[in-house]
Amino acid sequence: MSKKVMILPGDGIGPEIVEQACRVLAAVNEKFNLGLEFVEELIGGSSIDVHGEPLTDAAVERARSCDAILLGAVGGPKWDTIDRSIRPERGLLKIRSQLGLYANLRPALLYPQLVEASSLKPEVVSGLDILIVRELTGGIYFGEPRGIRTLENGEREGYNTYKYSESEIERIGRTAFEMARKRHKKVCSVDKANVLEATILWREVMDRLAPEYPDVELSHMYVDNAAMQLVRAPKQFDVLVTGNMFGDILSDAAAMLTGSIGMLPSASLNEQGQGMYEPCHGSAPDIAGQGIANPLATILSASMMLRYSLGMTDAADVIEAAVGKVLDQGLRTADIHTAGNEKVGTQQMGDAVLQAL
Ligand code: NAD
Ligand code: IPM
Ligand code: MN
């Protein structure tokens, strides 16, 4: 039975890194006779340029009919000043929201070969394996009312709404507990319950769920402390669960512990188990078009896709092993390059992974 995968290259380095991931997918498709079929759509600035909007409804409907989606990244200076309602990032938020992709899994795993590339000391970071579970379709990213309004004194005011319903908190909480069960059985819920009502409720719901998962240890931490602990002693964590904005920020910080943001893949899942897979980083306008971006986060996102949405674990294992082999060979893109290793570009890194499959 064939499986349909939608490819959304996006902007900036998006097409460069997605190209490498697609080569890897095509190779395992052939090797394991997976029956994968690919369809491509525009998202972000590249869609604005053609359709005048960052993601068409037709593209969303096509995505809905696919078994999984692989995305590069969106955004760039070219579209930074257009009307905010059609910014490239809105396309990404639209697909997440319309497909109900509420559970964003961001594993921060330090490959032993990259210990030297981490910003932390080897003894603090080696062996790091944490999972950030970020709520992705609620919180301040989507809360209404929102906008920019003019006050009586003529001054303008920007405003957003941070809110979470009990059911939204409960389902992401369950995701975190279930994930912890398959790992080291610890969940740390990150909030700002000393200040924000929405997160007082968040903490209450997490506590209410905990007795249903007696084999998992639940703790709570304020987000400011969590940011500090992530760079002080990250190995204390197993699963971190948090809201949309805190998860966005903490996962970029966690990325650097693994050597580079170019190493961090992600999965965004809905209640039906359908998923979108993308690197945690953005379109990196500062290096776009130079052929030097690290494609490994996207290649690893493709392998998460095979594992979580398509049930093709053998192929996923092979891709992850190939990434390990390439790192063993000392090949490094500029972002993870350290003394004694060989610096390679995006395409060469893709070639090496293909070779190692
Ligand atoms: P960014 O993640 O694009 O870049 C931050 C820094 O990390 C840059 O120096 C960049 O060169 C580097 N970097 C990122 N990915 C890399 C890779 N694969 N290899 C090597 N280096 C890499 O974040 P930013 O600069 O804040 O944002 C740029 C644009 O991307 C903005 O328009 C933003 O909205 C968008 N963005 C999109 C996504 C997404 O599509 N999921 C995520 C984050 C940011
Ligand atoms: C990410 C990005 C997005 C987010 C932006 C581009 C909308 O930073 O995927 O981490 O904030 O979720
Ligand atoms: Mn982000």
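Listed here are the residues, each with its yes/no results for (1) touching an Asp or Glu at 6+ places or on another chain (Cβ under 6 Å); (2) among the basic types (Lys, Arg); (3) under 23 Å from Lys186 (Cα atoms); (4) not assigned by TED's automatic domain parsing to the domain that holds Pro54.
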{"position": "Leu92", "(1), (2), (3), (4)": "no, no, no, no"}
{"position": "Arg96", "(1), (2), (3), (4)": "no, yes, no, no"}
{"position": "Leu114", "(1), (2), (3), (4)": "no, no, no, yes"}
{"position": "Ser118", "(1), (2), (3), (4)": "no, no, no, yes"}
{"position": "Thr137", "(1), (2), (3), (4)": "no, no, no, yes"}
{"position": "Glu155", "(1), (2), (3), (4)": "no, no, no, yes"}
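Looking at the stretch 288-309, which of the residues that are more than 18 Å from the chain's Cα centre (by Cα) and of a type in the set (A, V, I, L, M) is nearest to Lys31 (Cα to Cα)?
Filtering the stretch 288-309 for residues more than 18 Å from the chain's Cα centre (by Cα) gives 288-292.
Subsequent filtering for residues that are of a type in the set (A, V, I, L, M) retains 288, 292.
Details: Ala288: 31, Ile292: 28 Å.
Going through the qualifying residues, I end up with Ile292.
Going through the stretch 258-275 one residue at a time, which ones are buried (at least 24 other Cβ atoms within 10 Å of the Cβ) and aliphatic (A, V, I, L, M)?
Correct list: Met263, Leu264.
Keeping to the stretch 93-106, report how many residues are within 15 Å of ligand 3 (Cβ to nearest atom) and either polar (S, T, N, Q) or under 12 Å from the mean Cα position of the chain (by Cα) (or both).
5
Just the residues that are in contact with a helix residue (DSSP H, G or I) (Cβ under 6 Å, 6 or more places away or on another chain) and within 16 Å of ligand 3 (Cβ to nearest atom), please, taken from the stretch 44-77.
If the condition is that a residue be in contact with a helix residue (DSSP H, G or I) (Cβ under 6 Å, 6 or more places away or on another chain) and within 16 Å of ligand 3 (Cβ to nearest atom), then Gly44, Gly72, Ala73, Val74, Gly75, Gly76 are the ones that fit.
Being in contact (Cβ under 8 Å) with a residue 12 or more places away in the chain and either within 15 Å of the chain's Cα centre (by Cα) or away from ligand 1 (no atom under 15 Å from the Cβ) (or both) is true for just one of Pro285, Pro265. Which residue is that?
On the way: Pro285 fails: either within 15 Å of the chain's Cα centre (by Cα) or away from ligand 1 (no atom under 15 Å from the Cβ) (or both).
Answer to the check: Pro265.
Does the stretch 276-292 hold any residues that are surrounded by fewer than 24 Cβ atoms within 10 Å (Cβ to Cβ) and in contact with a Ser or Thr (Cβ under 8 Å, 6 or more places away or on another chain), and which are they?
Once the filter is applied, which keeps residues that are surrounded by fewer than 24 Cβ atoms within 10 Å (Cβ to Cβ) and in contact with a Ser or Thr (Cβ under 8 Å, 6 or more places away or on another chain), the stretch 276-292 yields Gly291, Ile292.
From Leu136, Leu105, Leu131, Leu110, grab the single residue that is buried (at least 21 other Cβ atoms within 10 Å of the Cβ), on the phi < 0 side of the Ramachandran plot and within 11 Å of ligand 2 (Cβ to nearest atom). Walk me through it before giving the result.
On the way: Leu105 fails: within 11 Å of ligand 2 (Cβ to nearest atom); Leu131 fails: within 11 Å of ligand 2 (Cβ to nearest atom); Leu110 fails: within 11 Å of ligand 2 (Cβ to nearest atom).
Checking each option against the conditions leaves just Leu136.
Look at Leu55 and say whether it is of a type in the set (A, V, I, L, M, F, W, C), at pLDDT 95 or above, within 16 Å of ligand 1 (Cβ to nearest atom) and over 22 Å from Ser268 (Cβ atoms). Walk me through how you get there before you give the answer.
Values: of a type in the set (A, V, I, L, M, F, W, C): yes; at pLDDT 95 or above: yes; within 16 Å of ligand 1 (Cβ to nearest atom): yes; over 22 Å from Ser268 (Cβ atoms): no.
Considered against the rule, which asks whether it is of a type in the set (A, V, I, L, M, F, W, C), at pLDDT 95 or above, within 16 Å of ligand 1 (Cβ to nearest atom) and over 22 Å from Ser268 (Cβ atoms), Leu55 comes out as no.
The values are calculated or read from the model by the stated rules, or taken from the named source; none is laboratory data. Since the model is a prediction, treat every value here as computed from it, not as a measurement. Cβ coordinates were reconstructed from backbone atoms using ideal geometry, including for glycine residues, and neighbour counts include every protein chain displayed.
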